[in-house]
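Trainee: I'd like to ask you about the structure that follows.
The values are calculated or read from the model by the stated rules, or taken from the named source; none is laboratory data. Computed from a prediction, not measured in an experiment: that's the story for all the values here. Every residue, glycine among them, receives a Cβ derived from its backbone with ideal geometry; neighbour counts consider all protein chains shown. Remember, those area values only see protein heavy atoms, side chains included, never the ligands or the DNA or RNA. Shrake-Rupley method; radii C 1.70, N 1.55, O 1.52, S 1.80 Å.
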Amino acid sequence: MDATTLQPENGDSSFDALIVGGGLAGLYALHRLRGMGMRVRVYEAGSGVGGTWFWNRYPGARCDIESLEYSFSFSEALQQEWKWPERYGTQPEILRYINHVAQRFDLLRDVVLDTRVVSAQFDPERNRWTLTTDKGDVANAPFCIMATGNLSTPRVPDFKGLERFKGKWYHSGLWPHEGVDFSGLRVAVIGTGSSGVQLIPYVARQAKTLHVFQRTANFILPAKNMPLDPGTERAHKSEYPERRRAAYDTPFGIGGYPPPVKSALEATPEERQRTFEAKWEQGGSINFLYAYNDLLLSQESNETAAEFVRQKVRSIVRDQAVAELLAPKDHPIGTKRLCLDTNYYEVYNQRNVTLVDARRTPVEEILPGGLRTREAHYQFDAIVFATGFDAMTGALAEIDVRTGVRSPFPSTTLREEWSSGPRTYLGLMVAGFPNLFLVTGPGSPGVKSQMILSIEQHTDWIVDCLKYMQERGLNRIGASDQAQAAWVEHVNEIANATLYPLANSWYMGANIPGKPRVFMPYVGGVHRYKKRCDEVALNGYEGFVLESVRRKEAVAG
Ligand code: N01
């Protein structure tokens, strides 16, 4: 930063950096930027911090990554003092943790709650981003960090007649804070992704009847949640720094699992059965995918794991017609986000639970007293939409992001720039939108990794970059078009070498009608991605153009 950018220009509305989103990413970015002496403001739409963990309060909401991994590593004191009661954190525990972090590091005083950013505009002459909010606030800063989250725009499908429904309806990602009592009610749940799979067993315990509308059967593995053993916790915590470092050398940013060394096809059927069985008993999705080294690369190998899970479903669910419907057959295992469950398949042995094949008979209309498919009418008192999110790009698309920079970039709005799918350089910046950073954006491994580790890695990279600029009197950074094009090509090339594009997943935008079908995450692994980010920085921010706009001297990275 040059000296002028550290001075407020218009009273309190001028800052050194603005952050959109007060979830894990926004809070960490605030902490780090403050550590550089910057004046920062965070805008958060919710009435509290926590992002995903603030909104997703549905019964059974729980992280599918183990607590000792899914937490911040930036403070040794913090990671030593916080006690996780269970192997996987529940939503209330994780939200408590986030609030603890916010208080411990005195973050809340710079967070404006209940305020949604509606537009972000870059003025190249002033070298500043101006944000406007739904409350009429206007704030500006040379740098803006979009910490808007990847799964933060809940989506209710465009069902005809929903406005006439006389009962209550809910979306898993916008759950009422006071909770919902389904006792004695006739309930429908639409959607069987991670959210549906977690909430269905809870709803089934209360509801008089529960109809689950399943469009795609998912692969669901046991979580094997349990109280965290104090010995395990002590041992883990005694090696925390080494473990955190080791996690960066893994594809998913999660340590502790020995990397698989052979193909599923090199093992005998008996050996495979033993291996998958042991993984099933241990629980966890990464653990299962680590059974062999080619489960996400070879259809034939993948099929061995997929069939193992189908057999499990058939052995748990008594009605074999229902089991067949629940046994996924239309995508390779792991190419949609694997779900972790506690007693999910077992629920279909309950008398009050009915599975409806929403692929064969889609929901056609919501009626005042229930809904109708092509084949039947159903009466419901409540409908739960566990229908997911406009993932990865949805939150950014809701903000009118504009740049005054034209040449040589064709688009002046982010919506236009991403109209055929998101394009970024390293998932960190978009060509033509200088000084605008993304955290865990499309083109990064964010959603395919331990998210908090990625948040820390991206933010640390951004902070190092800003320090580099500060030391050299530079105040503008933008991704070059060529570097972005090459990165997008690399991201696609890597995805196309895997089985991921074979599934209609939210990674592909396939859950949103009309959204471009582009595989959005980088699936080359956290280890490769971090190495590339570090190299880019070491090479003077290769692929970025860094400038001092007052002097207009370009320093090509
Ligand atoms: O959403 P989803 P989610 N008619 O998109 C169905 C993270 N997460 O909220 O598969 C009928 O996965 C849709 O069907 P289909 C995690 O990364 C993590 O469950 O598109 N059905 C699907 O079954 C996860 O992946 C945790 O054919 C319709 C479901 O709705 C991500 O969030 C917990 C439909 C949506 O599933 C999203 O999970 C929760 C329609 N018109 C979430 N439209 C943990 O950490 C959609 N569907 C454990």
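Trainee: Scan the range 359-368 and tell me whether some residue there is crowded, with 17+ Cβ neighbours inside 10 Å and within 12 Å of the ligand (Cβ to nearest atom).
Mentor: For the range 359-368, residues crowded, with 17+ Cβ neighbours inside 10 Å and within 12 Å of the ligand (Cβ to nearest atom): present.
Trainee: Look at the range 158-173 and say how many of its residues are more than 28 Å from Gly46 (Cβ to Cβ) and either open to solvent by less than 50 Å² (accessible area, probe 1.4 Å) or more than 16 Å from the ligand (Cβ to nearest atom) (or both). Reasoning before the result, please.
Mentor: Restricting attention to the range 158-173, the residues satisfying the condition of being more than 28 Å from Gly46 (Cβ to Cβ) are 160-161, 164, 166.
The next check asks that each one be either open to solvent by less than 50 Å² (accessible area, probe 1.4 Å) or more than 16 Å from the ligand (Cβ to nearest atom) (or both); those that pass are 161, 164, 166.
Qualifying residue count, the range 158-173: 3.
Trainee: Let me ask something additional. Restricted to the range 261-306, and to residues that are of a type in the set (D, E, K, R) and under 21 Å from Asn225 (Cα atoms), which residue is surrounded by the most Cβ atoms within 10 Å (Cβ to Cβ)?
Mentor: Ranking the qualifying residues of the range 261-306, first place goes to Lys279.
Trainee: Against the definition (under 27 Å from Ala141 (Cβ atoms), among the acidic types (Asp, Glu) and open to solvent by less than 60 Å² (accessible area, probe 1.4 Å)), how does Glu542 come out, yes or no?
Mentor: It is false that Glu542 is under 27 Å from Ala141 (Cβ atoms), among the acidic types (Asp, Glu) and open to solvent by less than 60 Å² (accessible area, probe 1.4 Å).
Trainee: I'm trying to understand the selection: among the residues of the range 314-349, which are more than 16 Å from the ligand (Cβ to nearest atom) and either touching a strand residue (DSSP E or B) at 6+ places or on another chain (Cβ under 8 Å) or closer than 18 Å to Gly191 by Cα (or both)?
Mentor: Val322, Ala323, Glu324, Glu346
Trainee: Among the residues of the range 175-195, how many are in contact (Cβ under 8 Å) with a residue 40 or more places away in the chain, more than 22 Å from the chain's Cα centre (by Cα) and away from the ligand (no atom under 11 Å from the Cβ)?
Mentor: 6
Trainee: Please verify whether the range 140-153 includes one or more residues that are outside any loop (DSSP other than H, G, I, E, B) and within 16 Å of the ligand (Cβ to nearest atom).
Mentor: No: zero hits.
Residue by residue, here is whether (1) among the aliphatic types (A, V, I, L, M); (2) farther than 30 Å from Leu289 by Cβ holds:
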site	(1), (2)
Lys467	no, yes
Ile494	yes, no
Gly509	no, no
Tyr529	no, no
Tyr541	no, yes
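Trainee: Might you let me know whether the range 78-86 holds any residue that is out of contact with any helix residue (DSSP H, G or I) (no Cβ under 8 Å at 6 or more places or on another chain) and crowded, with 21+ Cβ neighbours inside 10 Å?
Mentor: First pass over the range 78-86, keeping only residues out of contact with any helix residue (DSSP H, G or I) (no Cβ under 8 Å at 6 or more places or on another chain): 81.
Filter once more, keeping what is crowded, with 21+ Cβ neighbours inside 10 Å: none.
Checked the range 78-86: no residue is out of contact with any helix residue (DSSP H, G or I) (no Cβ under 8 Å at 6 or more places or on another chain) and crowded, with 21+ Cβ neighbours inside 10 Å.
Trainee: Yes or no: the range 105-122 includes at least one residue that is within 12 Å of the ligand (Cβ to nearest atom) and in a strand (DSSP E or B).
Mentor: Within the range 105-122, none of the residues are within 12 Å of the ligand (Cβ to nearest atom) and in a strand (DSSP E or B).
Trainee: Tally up the residues in the range 174-191 that are touching a Ser or Thr at 6+ places or on another chain (Cβ under 7 Å) and surrounded by fewer than 24 Cβ atoms within 10 Å (Cβ to Cβ), please.
Mentor: Here the count works out to 1.
Trainee: Yes or no: the range 135-158 includes at least one residue that is in contact (Cβ under 8 Å) with a residue 24 or more places away in the chain, of a type in the set (D, E, K, R) and under 23 Å from Gln214 (Cα atoms).
Mentor: Yes, the conditions are met somewhere in the range 135-158.
Trainee: Would you call Ala510 open to solvent by 30 Å² or more (accessible area, probe 1.4 Å), without any contact (Cβ under 8 Å) to a residue 60 or more places away in the chain and out of contact with any Cys (no Cβ under 9 Å at 6 or more places or on another chain)?
Mentor: Spelling it out, it is not the case that Ala510 is open to solvent by 30 Å² or more (accessible area, probe 1.4 Å), without any contact (Cβ under 8 Å) to a residue 60 or more places away in the chain and out of contact with any Cys (no Cβ under 9 Å at 6 or more places or on another chain).
A quick yes/no check of all residues on (1) assigned to a helix (DSSP H, G or I); (2) without any contact (Cβ under 8 Å) to a residue 60 or more places away in the chain:
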position	(1), (2)
Ser454	yes, no
Trp461	yes, no
Leu474	no, no
Glu489	yes, yes
Ala495	yes, yes
Met520	no, no
Tyr541	no, no
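Trainee: Residues in the range 127-167 that are small (Gly, Ala, Ser) and under 17 Å from Ile190 (Cα atoms): how many?
Mentor: 2
Trainee: Exactly one of (1) within 16 Å of the ligand (Cβ to nearest atom); (2) at pLDDT below 95; (3) not basic (Lys, Arg) is unmet by Ser411. Its number?
Mentor: With (1) within 16 Å of the ligand (Cβ to nearest atom); (2) at pLDDT below 95; (3) not basic (Lys, Arg) applied to Ser411, the lone miss is (1).
Trainee: Across the range 381-407, what is the total count of residues that are more than 16 Å from the ligand (Cβ to nearest atom), closer than 26 Å to Gln214 by Cβ and not in a loop (DSSP other than H, G, I, E, B)? If you could, list the steps in order and put the result at the bottom.
Mentor: Start the filter on the range 381-407 by keeping residues that are more than 16 Å from the ligand (Cβ to nearest atom), which leaves 381-382, 396-407.
Still in the running and closer than 26 Å to Gln214 by Cβ: 381-382.
So of that shortlist, the ones also not in a loop (DSSP other than H, G, I, E, B) come out as 382.
Of the residues in the range 381-407, 1 are more than 16 Å from the ligand (Cβ to nearest atom), closer than 26 Å to Gln214 by Cβ and not in a loop (DSSP other than H, G, I, E, B).
Trainee: I'm told Gly441 meets every condition in (1) touching a His at 6+ places or on another chain (Cβ under 9 Å); (2) surrounded by fewer than 21 Cβ atoms within 10 Å (Cβ to Cβ); (3) not charged (D, E, K, R) except one. Can you identify the failing condition by its number?
Mentor: In the conditions (1) touching a His at 6+ places or on another chain (Cβ under 9 Å); (2) surrounded by fewer than 21 Cβ atoms within 10 Å (Cβ to Cβ); (3) not charged (D, E, K, R), Gly441 misses (2) alone.
Trainee: Which residue pairs have Cβ atoms closer than 7 Å, lie 6 or more positions apart in sequence or on different chains, and pair a first residue in the range 196-215 that is within 9 Å of the ligand (Cβ to nearest atom) with a second residue that is basic (Lys, Arg)?
Mentor: Gln198/Arg62; Arg215/Arg359
Trainee: Kindly indicate the residue of the range 371-391 that is buried (at least 19 other Cβ atoms within 10 Å of the Cβ) and in contact with an Asp or Glu (Cβ under 9 Å, 6 or more places away or on another chain) and also nearest to Gly167 (Cα to Cα) among those meeting that condition.
Mentor: Leu371
Trainee: Please enumerate the residues belonging to the range 444-502 that are closer than 17 Å to Thr250 by Cβ, open to solvent by 20 Å² or more (accessible area, probe 1.4 Å) and charged (D, E, K, R).
Mentor: The one that is closer than 17 Å to Thr250 by Cβ, open to solvent by 20 Å² or more (accessible area, probe 1.4 Å) and charged (D, E, K, R): Lys448.
Trainee: Give the residues of the range 78-104 that are within 16 Å of the ligand (Cβ to nearest atom) and either touching a Pro at 6+ places or on another chain (Cβ under 8 Å) or without any contact (Cβ under 8 Å) to a residue 40 or more places away in the chain (or both), sorted by residue number.
Mentor: Glu86, Arg87, Gly89, Thr90, Gln91, Pro92, Glu93, Tyr97
Trainee: Let me ask another. Hey, among Arg155, Arg164, Arg126, Arg205, which residue is on the phi < 0 side of the Ramachandran plot, within 21 Å of the chain's Cα centre (by Cα) and of a type in the set (D, E, K, R)?
Mentor: Step by step, each of Arg155, Arg164, Arg126, Arg205 is checked, and only Arg155 is on the phi < 0 side of the Ramachandran plot, within 21 Å of the chain's Cα centre (by Cα) and of a type in the set (D, E, K, R).
Trainee: So, one more: Got a sec? Which strands (runs of 3 or more DSSP E) wholly within the range 13-72 have at least 2 residues that are within 15 Å of the ligand (Cβ to nearest atom)?
Mentor: It comes to 62-66.
Trainee: May I ask you to verify whether Arg126 is in contact with a strand residue (DSSP E or B) (Cβ under 8 Å, 6 or more places away or on another chain), modelled with pLDDT under 95 and basic (Lys, Arg)? Even if it seems obvious, please write down each step before you answer.
Mentor: On the way: in contact with a strand residue (DSSP E or B) (Cβ under 8 Å, 6 or more places away or on another chain): yes; modelled with pLDDT under 95: yes; basic (Lys, Arg): yes.
Yes: the conditions hold for Arg126.
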